[in-house]
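Below is one structure, written out as structure tokens; the observations come after it.
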Amino acid sequence: MSVTIKDVAKEAGVSVATVSRVLNGSCNVSDESAQRVNDAVEKLRYSPNFLGRNLRKRETNVILVIMPTSEHSLYSKIIMGMQKYAEKIGYDNG
């Protein structure tokens, strides 16, 4: 069973909202609370569920490319350019 944000909150002794703020990089959290959250994340090996988060946000941040072949160098260059630009505007290449 995977670790949830609720498990992290319980381990850190903070609210789920505080964990969410820390994970999203909000500055509205004390350094002490942020450290406890980060320690709990590491201890529990928490990994965010990006699919669930994307469903809640109603966005996927996924780019789909359909092309006839990946063997042609022109297509490879186009994809590499798209990838660089996507990373520049905040898309994750993971």
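The values are calculated or read from the model by the stated rules, or taken from the named source; none is laboratory data. These numbers were taken from a predicted model, which means no experiment stands behind them. Backbone-built Cβ (ideal geometry, glycine too); neighbour counts: all protein chains shown. All accessible areas refer to the heavy atoms of the entire protein, side chains included, with ligands and DNA or RNA removed. Shrake-Rupley method; radii C 1.70, N 1.55, O 1.52, S 1.80 Å.
Structure above, values below:
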| item | result |
| --- | --- |
| Table column - 3J(HN,Hα) (Hz), segment 82-90, Karplus curve with 6.51, -1.76, 1.60, x for Gly and Pro | 4, 5, 4, 5, 4, 5, 4, 9, x |
| Partner lysines for Lys88 [C-alpha distance under 22 Å; skip if fewer than 8 residues away on the same chain] | Lys57, Lys77 |
| Descending semi-axes in Å of the chain, equivalent ellipsoid built from Cα gyration tensor | 36, 14, 12 |
| Apportionment of accessible area to carbon and sulfur, the chain, percent (1.4 Å) | 52 percent |
| Integer Hz, Karplus 6.51/-1.76/1.60 couplings in order for segment 54-62, x for Gly and Pro | 5, 5, 5, 7, 6, 8, 10, 6, 10 |
| Residue order for Tyr91, Tyr46 - accessible surface, 1.4 angstrom probe, largest first | Tyr91, Tyr46 |
| Accessible area per residue, Å², the chain with all protein chains present, probe 1.4 Å | 83 Å² |
| Among Lys84, Lys57, Lys43: highest mean-square fluctuation, GNM of the chain, C-alpha pairs under 10 Å | Lys84 |
| Local electrostatic count at Leu44 - Lys and Arg +1, Asp and Glu -1, tallied over other residues with Cβ under 15 Å | +1 |
| Spin-label zone in segment 37-75 - amide nitrogen under 11 Å from a point set 7 Å from the Cα of Lys6 along the C-beta vector | none |
